[in-house]
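Right, one structure below, let's go through it.
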Amino acid sequence: MNELFVNIYNGCLGYIPTYDFDCKQITWTTDGVNAGTIFLREGKHNCTNVCGTLQLKDCNYSLKFFMYLLQYLTDYYKRPDINGAKIMNNEMAQIVLCVPPAIEQKRISDKEKLIKLLREYRQSIISETVTKGLDKKVQMKHSGIEWIGDIPVDWETAKLKYITSQPLMYGANEIGENEGQSSTRYIRITDIDDSGNLKTDTFKSLSPEKAKPYLLNIGDILFARSGSVGKTYFHKYGKACFAGYFVKFSPNITMVYPKYVYYITLSNGYKNWIQMSSIQVTIKNISAEKYNNFSIPLPSLKIQRTISDFLDKKTSHIDNLIENITKQTKKLQEYRKSIIGEAVTGKAAI
């Protein structure tokens, strides 16, 4: 049987040609250090002997809502065990749930789904525009590069090492000092949020002497090379230096418009390149040499600027929509938290 699985799936572990369920349901880990971890499953899937399953009797309720609810509650019901913890069927059955009306559950799930769709739409616009341009009628040619695919016939491609104003370099291997001790901010991977912006609540700094070799110029791009590979930062303002888990790319502005290169790093193709290029032992890693040989689609400087201006406006509009929806759902999220709190403390039950 093992030989059959290897032949079918080319040695890909975790897949078998049969399934136990073909439905939408919640599963949870019953044993070990991850006991109580909740998952939402859809379609064909299997369960091991350390996996429990839950299906709703009333289809009017939102299964996704219960997934969020149980993610908070299982910690209060699992029991210590020699392997870490356990939460078996009988323990899961004892969990008391405070359930809002089905319409409220749906509103919470729909808002979260809409935000997810808007983020996907944002990324798809970026991906299409940086590789195909804005003129949909232009003749296309194959770029010769897998992640890029077809590009307009008058575009070229170029490796980063040929369009940089100085060699790609690693940052400083320093811990950093507490904020306020120096005028030079020290940018680490943890200082960049999911939107690629710098966090403002707390930060580290370096002394002017230590920071000097690693100072950033406006338009420089930082590539995460270890751990959070795929994360990028576009430096827009302020005096700052950067840490060793980054590779710095300083664009040659006679050849490339910096913001255009940054938008490329937000595309689906770039993410695919990251997956193909990363080395993983305990954490993923992409060296400066690999970034040197990363090829990008390269239209004229005028087109690069036009594309960047278009994406600035388009993404700003989408970001505003996301922000407004997030504000609208804030009360719903607070309501959900209050329900969870009541369930945990036993104040209410249905």
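Length gained on full extension, Ile325 to Glu128: 68.4 nm, using 0.36 nm per residue less the C-alpha separation. The length gained by stretching the chain between Lys113 and Asp154 to full extension, at 0.36 nm per residue less their Cα-Cα distance, is 10.9 nm.
By definition, a body whose alpha carbon gyration tensor gives a ≥ b ≥ c is oblate when a/c is 1.5 or more and a/b is not larger than b/c, and the range 200-280 fits this oblate description. Any of Lys271/Lys313; Lys212/Lys236; Lys24/Lys106 with alpha carbons more than 20 Å apart? Name them for me. Going by Cα-Cα distance, Lys271/Lys313 fall outside the 20 Å limit. Taking the 1.4 Å solvent-accessible surface of the range 148-230 as the whole, the part contributed by carbon and sulfur is 47%. Segment Met276..Phe21, full-extension length gain: 88.6 nm, with 0.36 nm per residue of separation and the alpha-carbon distance subtracted.
Suppose all protein chains stay in the model; what accessible area per residue would a 1.4 Å probe give for the range 165-323, in Å²?
49 Å²
The amide H of Lys284, built 1.01 Å from its N in the peptide plane, has Gly227 as neighbours under 5 Å, considering only residues 5 or more places off or on other chains. The listed peptides 243-252, 266-275, 112-121, 72-81, ordered by packing as a protection proxy, come out as 243-252, 266-275, 72-81, 112-121 (highest mean of other Cβ atoms within 10 Å first).
Separation of the alpha carbons by more than 22 angstrom is noted, of Lys231/Lys259; Lys116/Lys137; Lys111/Lys259, for Lys116/Lys137; Lys111/Lys259. Spin-label model, Thr254 to Ile175: label points 7 Å out along the Cα-to-beta-carbon direction sit 4.5 nm apart. Using the structure shown, list the pairs from Lys210/Lys239; Lys159/Lys290; Lys239/Lys327 with a Cα-Cα distance above 21 Å, or answer none. Exceeds cut-off: Lys239/Lys327. For the pair Phe310/Val33, report the inter-label distance in nm, with labels modelled 7 Å from Cα in the Cβ direction. The two pseudo-label positions are separated by 4.9 nm. A straight Cα-to-Cα reach below 19 Å connects Lys314 with the aspartates and glutamates Glu120, Glu128, Asp135, Asp194, Glu323, residues fewer than 8 places away in its own chain not being considered. Here the dipole of the range 109-233 is about 140 debye; that uses its Cα centre as origin and unit charges on the Cβ of Lys and Arg (positive) and Asp and Glu (negative).
The values are calculated or read from the model by the stated rules, or taken from the named source; none is laboratory data. Every value quoted in this text rests on a predicted model; they were computed, and no experiment measured them. Because the Cβ atoms are built from the backbone with ideal geometry, glycine has one as well, and the counts that use them run over all protein chains shown. All accessible areas refer to the heavy atoms of the entire protein, side chains included, with ligands and DNA or RNA removed. Shrake-Rupley method; radii C 1.70, N 1.55, O 1.52, S 1.80 Å.
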